[in-house]
Amino acid sequence: MQLYEQLLALLSGGLCQIDSNLKIISANQAFRNLVQLNDEAVLGNEICSFFDLSSQKKLRNAVNYTTLDQIPVKNLRLMMTGANNGVKLVDVSISPLTSLGNGSPGHMVLMRDVTDLERSKSAMEEVQGKYQELFENASELFFVHDFEGKFTELNRAFRRFIGTISAKTEEIKVVDLLQPGQRSSFDNYIKQIISTGEACGTIEFVTRKGQKRLVEYTNTLIKDRRGRSVGVRGAARDITQRKISEQALRHSQASLIRSQKMAHMGNWELDLNSGVMTCSEEVLNILGLPKGNSPGNMAEYLDLVHPKDRRKVRSDMDEALCCQGAVHQEHRIIRPDGKERILHTIFEGLKGPHGRAAVLSGVLQDITQRRLSEQRVRLLARAFENALDGMIITNENGVIQMVNPGFTAITGYSAQEAIGRNPSILRSNRTSAKLHKAMWESIQKTGFWQGEIFNRRKNGQTYPQWLSIRAIKNEIGKVSHYVGALHDLTELKQGEAKIAHQALHDALTGLPNRIFFNERLADAMREVSKHNGKLALLFLDLDNFKNINDSLGHAVGDKLLSATAERLLSLVRDQDTVARLGGDEFIMILKDPGSKDQATGAANRIIKAMSQPFWINEREMYITASIGITIYPDDGEDLEALVSNADMAMYQAKDVGKNTTRIFTRDLNTRIKRRMSLEESLRNAIKNEELEVYFQPKVDLRTGSMAGAEALVRWNHPDKGLIGPDEFIPLAEETGLIIPLGRWVLRNSCRTAKAWMNHGHQCMQISVNLSPKQFTQKDLPQMVGNTLSDTGLPPYALELELTENMVMQNVDEAINTMHRLSNLGIQLSLDDFGRGYSSLYYLKRFPMNELKIDRSFVDDIPSDPDNASIVNTIISMGRSLNLRVVAEGVETKEQLSFLKKNNCDQMQGYFFQAPIPALDLLRLLQRGKSLIFS
Ligand SMILES: Nc1nc2c(ncn2[C@@H]2O[C@H](COP(=O)(O)O[C@H]3[C@@H](O)[C@H](n4cnc5c(=O)[nH]c(N)nc54)O[C@@H]3COP(=O)(O)O)[C@@H](O)[C@H]2O)c(=O)[nH]1
């Protein structure tokens with residue numbers, strides 16, 4: 001019994017023994033705890049008293065049943081109310097007692113308190129219910145699947161997602177939702193989740209409707225109570241739309257960046273609270289900043305703004321913030337590389353939630369290129385408007401769309417008159433249809449044509465123009481317009497014609513000049529050759545024209561030349577040519593002149609006509625001419641020979657007394673050849689020491705002694721013997737050889753005179769002739785000075801003889817040269833006096849020491865009263881001008897007496913002594929005799 005008691009005490013459930021009246025006979029401690037009563041209060045009580053009415057009934061029935069059937073009743077759920085600790089739920093098992101010691105039927109009642117268990121169970125059910133509701137109604141896709149991928153649970157959202165609202169979960173597998181290519185990855189997924197306990201990622205499911213949906217999932221492994229992996233629980237979300245939106249956002253962001261780049265447009269925002277500025281990528285490009293160097297605040301941005309624009313930028317920003325509207329403005333920036341750009345900016349102030357300005361937003365666009373383009377367009381428009389050339393723009397059909405004022409100025413058509421018409425309004429019949437065809441062919445082929453054509457102005461006038469036409473193509477390469485530039489060549493052509501005329505004509509007379517003459521002669525030679533004809537060349541030179549020029553002035557001379565040209569033109573036929581070669585030289589081409597005599601006859605008629613008086617400045621003037629004639633092809637087959645021969649013939653005409661004609665002959669040619677060979681020899685004469693200076697004494701008429709000597713050059717030609725200066729000095733003058741020759745004579749003479757001095761003849765003065773060419777040499781005084789110092793001859797012992805004609809060429813220049821010579825201390829003598837045109841006026845101005853009366857006046861004195869009178873006058877004039885007077889060419893005693901009687905100072909002539917070599921003259925000096933009285 002004690003053992004029984006101990007067993008009862010160990011039971012956690014309440015146990016009591018009841019009798020047939022259901023009264024408690026015994027109860028264990030767990031029962032007493034259950035009802036919170038002690039043994040005395042428990043024992044004897046009917047067990048039903050601890051239960052509610054419904055439970056009492058169930059308990060009685062169960063006891064009855066157990067009693068009858070002797071079968072225990074188990075786990076009868078009853079509500080206990082009689083306990084002191086409130087209502088409790090208990091599971092009651094009743095077992096009949098048949099073996100009780102006292103033999104009375106009774107029952108063992110075992111009670112297990114399930115109040116807490118039931119409570120937590122219902123709480124669990126409640127949670128489960130809620131979970132189920134959540135699970136079922138959640139917008140997320142919830143699911144559970146086993147390791148074969150078979151879904152065991154799917155919430156409504158998932159079912160809807162896959163389009164199987166009514167489908168049973170066991171019919172759906174994960175692989176059914178995958179694309180065929182992805183099914184193999186399912187095994188990997190299961191392996192991963194088993195090994196790591198979780199798997200998350202995105203996967204593309206194909207719904208039952210065939211739609212592809214992207215799903216983001218987070219799955220975890222499900223384990224049972226014993227820790228065995230039994231399946232997978234997951235939550236997924238259909239992110240298809242989000243992905244599309246994200247992609248669309250990315251796309252629109254990329255396209256925004258691209259658009260900003262293309263438009264050179266960027267945007268920025270300035271958070272006014274934080275002062276932080278954020279810029280789009282293109283802003284950096286525009287500002288020339290490297291990536292990541294975006295201006296972080298407004299101050300950094302303003303640093304880039306051109307200093308002159310900063311104030312304006314600030315004030316426009318303020319305005320945008322204050323008016324909350326968009327403010328447009330332009331400003332310049334200076335990029336870090338130093339380049340200046342022009343930006344168009346829109347500022348806009350945005351309000352924050354409290355209605356205060358919170359953000360300043362800016363859109364900026366680089367409009368530098370646009371501004372430059374606009375500038376270019378404006379410039380082009382100005383160029384179009386102001387171009388002197390005519391500009392014309394037509395459409396592709398050649399209909400005029402635009403013309404500029406230059407077009408109107410050239411063509412006479414106003415813009416209104418021209419627009420809408422075809423450029424053919426300008427076409428003239430001077431431009432051939434062939435050229436027009438070629439022009440359009442070129443434009444069609446190359447897109448361009450330029451060339452010279454004749455157009456017609458509105459007034460009907462035809463004019464030459466340089467035309468350039470270019471086809472303009474549009475973006476698809478189709479011709480949309482034609483642009484023409486018209487340059488009026490009228491003035492140019494006139495100018496060219498004028499220049500051509502000037503180039504070929506003599507400005508004074510308007511006659512063909514030498515160039516044109518050469519062309520005409522060549523043409524004429526060709527022409528007459530064709531029919532074996534001839535032509536005559538008449539080379540005309542006015543006689544003594546220089547005298548007229550010098551004495552009456554160049555203006556009169558020019559008029560006389562013009563009048564000569566007119567007269568010559570009046571004397572020749574239309575087919576003939578009159579040209580001026582220069583100076584007083586004219587040349588005429590007479591085509592088919594007939595015989596040589598006829599040509600000479602024509603030349604003589606010209607000579608005669610020329611001798612008729614000219615009226616110049618209402619004054620009658622006379623001039624004669626000399627003409628040389630050559631006949632082509634008889635006297636020369638080439639142009640140069642013909643002209644040169646005519647020239648020579650003309651010189652011969654001069655030689656024989658002027659005012660006449662000479663025809664070229666072979667004999668003349670021979671003489672010319674001799675002259676040419678002479679020239680060649682003369683060139684070598686100085687270096688071959690073939691020249692020698694002779695000296696002719698100048699005698700003092702009062703004392704009869706030798707006062708000086710004139711140096712007269714001679715040429716000891718190796719073949720021809722002694723040649724006089726008359727023959728070679730003019731040749732030397734013509735060829736320029738006179739310069740070295742004259743220098744040689746001067747040096748030689750000075751050296752000789754110095755030698756005489758050294759022999760004690762201190763008063764001997766040497767007179768050296770100067771040629772016209774020598775006299776015009778700028779360095780003449782210097783050359784003379786050098787010669788004196790080189791030879792040691794004192795200046796007073798040298799006299800230079802100039803001729804009247806020489807000094808009258810250019811009087812002022814001559815006076816200047818004479819002064820420079822005179823300043824050296826030498827003396828100057830005016831040679832051949834009386835033959836020239838010098839007047840008393842000039843004589844007074846010349847720094848002269850001596851006058852030499854020309855031999856032609858001395859010749860016939862005293863028998864010729866005129867010459868005697870002239871000589872007398874010259875002597876008196878010389879006296880009054882305080883000049884020494886020397887008479888040259890004195891050959892007779894009578895001449896000597898006359899001159900002596902008339903107080904001539906010195907004389908020179910064969911009467912005393914012909915020119916002799918230097919040594920002979922020294923001997924004469926040394927004899928010391930009077931030359932007059934000996
Ligand atoms: N520029 C240079 N000209 C020179 C030079 N040497 C000579 N000449 C000039 O040549 C011309 C001819 O000279 P020339 O043949 O020597 O004749 C001179 C005398 O011989 C000649 N004369 C002298 N006295 C008489 C005479 O009584 N009767 C006569 N019929 N002739 C005479 O006169 C010539 C000198 O003339 P001018 O010079 O005018 O005093 C001649 O013009 C020379 O000047 C030279 O080196 N350079």
Quiz item: For the range 285-294, which residues satisfy the criterion of being buried (at least 18 other Cβ atoms within 10 Å of the Cβ) and at pLDDT 90 or above?
Solution: 286, 287
Quiz item: Which of the residues spanning the range 820-851 are within 22 Å of residue 551 (Cβ to Cβ), at pLDDT 85 or above and among the basic types (Lys, Arg)?
Solution: 845
Quiz item: Quick one: is residue 34 within 18 Å of residue 96 (Cα to Cα), in the same structural domain as residue 108 (by the TED database) and assigned to a helix (DSSP H, G or I)?
Solution: no
Practice problem: Could you tell me which of the residues 928, 878, 889 is closer than 14 Å to residue 705 by Cα and either of a type outside the set (A, V, I, L, M, F, W, C) or within 16 Å of the ligand (Cβ to nearest atom) (or both)? | Solution: 928
Self-check item: Given (1) within 16 Å of the ligand (Cβ to nearest atom); (2) out of contact with any strand residue (DSSP E or B) (no Cβ under 7 Å at 6 or more places or on another chain), index of the condition residue 842 fails
Solution: (1)
Quiz item: Can residue 920 be described as more than 60 Å from the chain's Cα centre (by Cα), acidic (Asp, Glu) and within 24 Å of residue 830 (Cβ to Cβ)?
Solution: no
Quiz prompt | Selection status of residue 363, more than 34 Å from the chain's Cα centre (by Cα) and closer than 30 Å to residue 266 by Cα | solution = yes
Quiz item: Just to be sure, is residue 496 under 35 Å from the mean Cα position of the chain (by Cα), loosely packed, with under 13 Cβ neighbours inside 10 Å, assigned to a loop (DSSP other than H, G, I, E, B) and at pLDDT below 95?
Solution: no
Quiz item: On the given criteria, is residue 783 on the phi < 0 side of the Ramachandran plot, more than 12 Å from the ligand (Cβ to nearest atom) and touching a Phe, Trp or Tyr at 6+ places or on another chain (Cβ under 9 Å)?
Solution: no
Exercise. Please verify whether the range 579-586 includes one or more residues that are assigned to a helix (DSSP H, G or I), at pLDDT 95 or above and crowded, with 21+ Cβ neighbours inside 10 Å.
Key: no
Quiz item: For the range 363-386, does any single residue satisfy the condition of being of a type outside the set (Lys, Arg), touching a helix residue (DSSP H, G or I) at 6+ places or on another chain (Cβ under 7 Å) and over 30 Å from residue 344 (Cβ atoms)?
Solution: no
Practice problem: Filter the range 799-822 down to the residues that are among the polar types (S, T, N, Q) and under 14 Å from residue 778 (Cα atoms), then identify the one that is farthest from the ligand (Cβ to nearest atom). | Solution: 816
Quiz item: Of these, 576, 488, 541, which one is farther than 23 Å from residue 663 by Cβ and acidic (Asp, Glu)?
Solution: 488
Quiz item: Before we move on, is residue 886 surrounded by 17 or more Cβ atoms within 10 Å (Cβ to Cβ), part of a strand (DSSP E or B) and in contact with a strand residue (DSSP E or B) (Cβ under 6 Å, 6 or more places away or on another chain)?
Solution: yes
Self-check item: Some residue of the range 903-921 being polar (S, T, N, Q) and part of a helix (DSSP H, G or I)
Solution: no
Exercise. For residue 829, state whether it is within 16 Å of the ligand (Cβ to nearest atom) and within 30 Å of residue 723 (Cβ to Cβ).
Key: yes
Quiz item: Do any helices (runs of 4 or more DSSP H) entirely within the range 393-459 hold 3 or more residues that are without any contact (Cβ under 8 Å) to a residue 24 or more places away in the chain, and if so, which?
Solution: 405-411, 433-446
Quiz item: Within the range 853-860, is even one residue within 13 Å of the ligand (Cβ to nearest atom), surrounded by 18 or more Cβ atoms within 10 Å (Cβ to Cβ) and touching a residue at least 60 places away in the same chain (Cβ under 8 Å)?
Solution: no
Exercise. List the helices (runs of 4 or more DSSP H) that sit entirely inside the range 763-871 and contain at least 2 residues that are assigned by the TED database to the domain that holds residue 700, within 30 Å of residue 891 (Cβ to Cβ) and among the aliphatic types (A, V, I, L, M).
Key: 804-808, 840-845
Exercise. Would you confirm whether any residue within the range 233-240 is free of Cβ contacts under 8 Å to residues at least 40 places away in the same chain, assigned to a loop (DSSP other than H, G, I, E, B) and in the same structural domain as residue 149 (by the TED database)?
Key: yes
Practice problem: Provide a single number: the residues in the range 895-920 that are of a type outside the set (Phe, Trp, Tyr), within 13 Å of the ligand (Cβ to nearest atom) and farther than 21 Å from residue 749 by Cβ. | Solution: 3
Quiz item: Does the range 252-269 contain at least one residue that is modelled with pLDDT of 90 or more, of a type in the set (A, V, I, L, M, F, W, C) and surrounded by 14 or more Cβ atoms within 10 Å (Cβ to Cβ)?
Solution: yes
Practice problem: Mind telling me which of the residues 326, 358, 381 ends up being touching a strand residue (DSSP E or B) at 6+ places or on another chain (Cβ under 7 Å), exposed (fewer than 14 other Cβ atoms within 10 Å of the Cβ) and of a type outside the set (Asp, Glu)? | Solution: 326
Exercise. Could you tell me whether any residue of the range 118-133 is more than 30 Å from residue 152 (Cα to Cα) and either more than 60 Å from the chain's Cα centre (by Cα) or outside the structural domain of residue 157 (by the TED database) (or both)?
Key: no
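The values are calculated or read from the model by the stated rules, or taken from the named source; none is laboratory data. Predicted model, so just to flag it, every value in this text is computed and none were measured. In this analysis, Cβ positions are derived from the backbone assuming ideal geometry, glycine residues included, and neighbour counts consider all displayed protein chains.
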